[in-house]
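Participant: Sending over a structure as structure tokens; questions will come in a sec.
The values are calculated or read from the model by the stated rules, or taken from the named source; none is laboratory data. Note that the structure is predicted; figures quoted are calculated from it, not measured. Cβ coordinates were reconstructed from backbone atoms using ideal geometry, including for glycine residues, and neighbour counts include every protein chain displayed.
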Amino acid sequence: MGNAEAAVGAGIASIGLAHTVWQLVLAALLIVLANGVHHTCMSGFMLKRIAADQRAFQMPEYILVIQVSVFLGFLGAGFDPVYGAGSVLVVSGIVALCIGVVGALFNRSNISRLQV
């Protein structure tokens with residue numbers, strides 16, 4: 001799953017660095033595809049890890065956390081001046097990329113430990 005988050009971070013940073021419409025389109029396409037992969041992997045992970053009788057409560061809680069996080073992100077972005085938006089996108093994209101790489105390495109080490 002960490003690879004998808006790293007790709008989303010790279011896409012966000014790419015949007016901040018884009019100079020043409022086609023660069024924006026390609027960066028947005030990268031984000032959309034990686035986001036779809038992430039949500040597919042995450043839902044499969046949750047279905048495997050959450051007991052069937054708890055899914056009715058924990059799956060909506062997960063969705064609520066995502067939606068509140070998106071809302072807070074939009075709210076926080078409202079306080080950033082427009083002329084600094086590109087820099088904010090680059091910095092937040094690089095942060096997300098680094099977190100995604102760390103997550104991928106963490107997942108890879110856990111998977112190799114489980115397979116031994």
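Participant: Kindly provide the set of residues from region 81-90 that are over 20 Å from the mean Cα position of the chain (by Cα) and either part of a helix (DSSP H, G or I) or in contact (Cβ under 8 Å) with a residue 60 or more places away in the chain (or both), ordered by number.
Facilitator: Residues satisfying the conditions are V82, Y83, G84.
Participant: Still on this structure, please answer the following. Would you mind telling me which numbered condition in (1) at pLDDT below 90; (2) of a type in the set (V, I, T); (3) surrounded by 12 or more Cβ atoms within 10 Å (Cβ to Cβ) I111 fails?
Facilitator: Result: I111 fails condition (3) only.
Participant: Any idea how many residues of region 1-19 are closer than 20 Å to V88 by Cβ and either without any contact (Cβ under 8 Å) to a residue 40 or more places away in the chain or not β-branched (V, I, T) (or both)?
Facilitator: At the first step, the residues of region 1-19 found to be closer than 20 Å to V88 by Cβ are 5-19.
Those still in the list that are either without any contact (Cβ under 8 Å) to a residue 40 or more places away in the chain or not β-branched (V, I, T) (or both) too: 5-7, 9-11, 13-14, 16-19.
So the count comes out to 12.
Participant: Can you name every residue in region 1-33 that is touching a Ser or Thr at 6+ places or on another chain (Cβ under 8 Å) and of a type in the set (V, I, T)?
Facilitator: I12
Participant: Could you pull out the residue among G78, G103 that is under 24 Å from A27 (Cα atoms), in contact (Cβ under 8 Å) with a residue 60 or more places away in the chain and small (G, A, S)?
Facilitator: On the way: G78 fails: in contact (Cβ under 8 Å) with a residue 60 or more places away in the chain.
Criteria check complete, one pass: G103.
Participant: Could you count how many residues in region 38-56 are outside any helix (DSSP H, G or I) and small (G, A, S)?
Facilitator: Looking only at region 38-56, we keep the residues that are outside any helix (DSSP H, G or I), and these are 50-54.
Pick out the ones that are also small (G, A, S) and you get 51-52.
Residues flagged as outside any helix (DSSP H, G or I) and small (G, A, S) within region 38-56 amount to 2.
Participant: Pairs needed: first member in region 37-55, in contact (Cβ under 8 Å) with a residue 40 or more places away in the chain; second member anywhere, assigned to a helix (DSSP H, G or I); C-beta distance under 7 Å; at least 6 residues apart or different chains.
Facilitator: C41/A4
Participant: Here's something else I'd like to know. Being over 17 Å from I12 (Cβ atoms) and out of contact with any Cys (no Cβ under 6 Å at 6 or more places or on another chain) is the requirement here; does G100 meet it?
Facilitator: It is false that G100 is over 17 Å from I12 (Cβ atoms) and out of contact with any Cys (no Cβ under 6 Å at 6 or more places or on another chain).
Participant: Same structure, new question: Report yes if Q67 is polar (S, T, N, Q), part of a helix (DSSP H, G or I) and surrounded by 11 or more Cβ atoms within 10 Å (Cβ to Cβ), otherwise no. Spell out how you get there, then give the answer.
Facilitator: On the way: polar (S, T, N, Q): yes; part of a helix (DSSP H, G or I): yes; surrounded by 11 or more Cβ atoms within 10 Å (Cβ to Cβ): no.
Here the answer is no, as Q67 does not meet what is asked.
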